[in-house]
Amino acid sequence: MTTVIEVDGLRCRYGDFEAVQGVGFAVRRGELFALLGTNGAGKTTVLETVEGHREPAGGRVRVFGVDPSRDRRIRRRTGIMLQDSGFAGDLTVRETAELARRMRTEPSDVDGALAALGLDPRRDVRVRQLSGGEKRRLDLALALLGEPELLFLDEPTVGMDPESRRTTWEIVRGLLARGTTVLLTTHYLEEAERLAHRLAIMHQGRIAVEGRLVDVLADHPARITFTAPEVPLPPLAGTATRRGPRVEIRTPHLQQDLLAVLAWADGHVDLSGLRAHPASLEEVFQSVREEVPA
C-alpha cells in the first residue's frame with residue numbers, strides 16, 4: 001500500500017524544552033491512524049508538524065513524499081479539522097462554508113457537505129448561535145470541502161451528543177471506504193477502538209505503544225474476575241489476587257485459564273459474578289500513564 005505520511009526521528013522543541021523526542025510512524029493510503037497521548041505527551045505538536053504548520057527541530061517528515069512545511073502544494077490534497085477553528089460569529093453557517101469554499105482551488109459542494117453533517121436546517125443561523133456540537137460538525141463539513149485525499153481530525157467529536165458522534169463515525173467510515181487517509185487525535189478511546197486500523201500512544205514526548213489494535217491489546221494481560229469461597233485456586237498461567245472472596249486473575253492466556261477455573265469450580269465451587277475479557281485500550285492507556293520516567 002502507498003505510504004501517505006512518513007515520520008522518522010521527529011524532534012520538536014519549545015526553547016530548551018524538547019516536547020517531541022524521536023517519534024516515528026507511517027500512515028498508509030486508506031488507513032485511519034489514531035495518535036493518542038497522555039496530557040502534555042506532544043501529540044498536538046506532532047500533528048501540527050505533519051500538517052506543515054511548524055518545522056521540526058530534527059528528524060524527517062514527509063506527506064505525499066514532500067516536506068509539508070515547505071511544499072504548499074499538499075494543501076489542496078488535505079483537509080484539516082482543528083480543535084477550534086475560530087469562526088466569525090456573525091456569519092451564518094452557509095456564509096461560513098461559502099467563505100471556506102472560496103479559499104480552496106478545488107470544486108466543492110457546500111450544500112452537500114452541510115447536509116451530510118445535518119446542518120442544512122441551520123444554514124441561515126449565525127455561527128455564534130450554534131451549540132458546541134454543531135460548531136464541531138461545521139468544522140468537519142469545512143474540512144471535507146474539496147474531497148481531500150488526507151484528512152487531519154483533531155479531537156473531532158468533543159462537545160457532540162452521542163447521536164452526532166455516531167453520525168461522524170459513519171461519515172469517517174465512508175471516507176475510509178473511498179480511500180481517504182485519516183490521521184486522528186482523540187481523548188475518546190472508544191472512538192479509536194471503533195475507527196482505527198492502527199494507533200500509537202505517546203507519553204512524555206515518545207511513542208510508548210504502536211501497532212494494530214489487536215496486537216496492542218494482545219501484549220497486555222486479559223482479566224478474569226469472580227467471587228468464590230476462600231479455597232485454594234487451581235494452577236494458572238496468570239497471576240491471581242484475592243480481596244476477601246473476590247478473585248482477580250490477570251493472564252496472557254485467557255482461554256487456558258478460564259477453562260482451568262471452570263473445571264476447578266465444576267460441581268463443588270459456586271462462582272458468582274464471573275467475567276472474562278481481554279485487555280481494553282483504556283487499560284493499555286492507563287499502563288502507559290503509570291510508567292515510571294527513565
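The values are calculated or read from the model by the stated rules, or taken from the named source; none is laboratory data. All of these numbers come straight from a predicted model, not from anything done at the bench. Every residue, glycine as well, gets a Cβ built from its backbone with ideal geometry; the counts of neighbours run over all protein chains shown.
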Determine which member of the set ALA263, ALA228, ALA240, ALA200 is crowded, with 19+ Cβ neighbours inside 10 Å and either free of Cβ contacts under 8 Å to residues at least 12 places away in the same chain or out of contact with any Asp or Glu (no Cβ under 6 Å at 6 or more places or on another chain) (or both). ALA228
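Of all residues in region 156-186, count the ones that are outside any helix (DSSP H, G or I), free of Cβ contacts under 8 Å to residues at least 60 places away in the same chain and not hydroxyl-bearing (Ser, Thr, Tyr).
Qualifying residue count for the region: 4.
Scan region 214-222 and give yes if some residue there is assigned to a helix (DSSP H, G or I) and touching a Ser or Thr at 6+ places or on another chain (Cβ under 8 Å), otherwise no. Give the steps one after another, and end with the answer.
Taking region 214-222 as the starting set, the residues that turn out to be assigned to a helix (DSSP H, G or I) are 214-218.
Adding the requirement that they be touching a Ser or Thr at 6+ places or on another chain (Cβ under 8 Å) leaves 217.
Within region 214-222, one or more residues are assigned to a helix (DSSP H, G or I) and touching a Ser or Thr at 6+ places or on another chain (Cβ under 8 Å).
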Within region 246-270, track down each residue that is among the hydrophobic types (A, V, I, L, M, F, W, C) and either at pLDDT 90 or above or not in a loop (DSSP other than H, G, I, E, B) (or both). VAL247, ILE249, LEU254, LEU258, LEU259, ALA260, VAL261, LEU262, ALA263, TRP264, ALA265
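Between ARG29, ARG73, ARG102, which is farther than 30 Å from ARG123 by Cβ and out of contact with any strand residue (DSSP E or B) (no Cβ under 6 Å at 6 or more places or on another chain)?
Just one listed residue meets the conditions, ARG73.
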Please list, ordered by residue number, the strands (runs of 3 or more DSSP E) wholly in region 1-120 having 1 or more residues that are at pLDDT 95 or above, hydroxyl-bearing (Ser, Thr, Tyr) and surrounded by fewer than 17 Cβ atoms within 10 Å (Cβ to Cβ). 3-14
Qualifying residues in region 271-294 (those that are polar (S, T, N, Q) and assigned to a helix (DSSP H, G or I)) - the one farthest from ALA192 (Cα to Cα): SER287
Only one of these is within 14 Å of the chain's Cα centre (by Cα), at pLDDT 95 or above, closer than 24 Å to ALA97 by Cα and buried (at least 20 other Cβ atoms within 10 Å of the Cβ): THR181, THR157, THR168. Name it. THR181
Within region 266-274, does at least one residue satisfy the condition of being surrounded by 15 or more Cβ atoms within 10 Å (Cβ to Cβ) and among the small types (Gly, Ala, Ser)? no
From the list ARG137, ARG128, ARG212, which residue is within 28 Å of GLY52 (Cα to Cα), loosely packed, with under 14 Cβ neighbours inside 10 Å, basic (Lys, Arg) and assigned by TED's automatic domain parsing to the domain that holds ASN39? ARG212
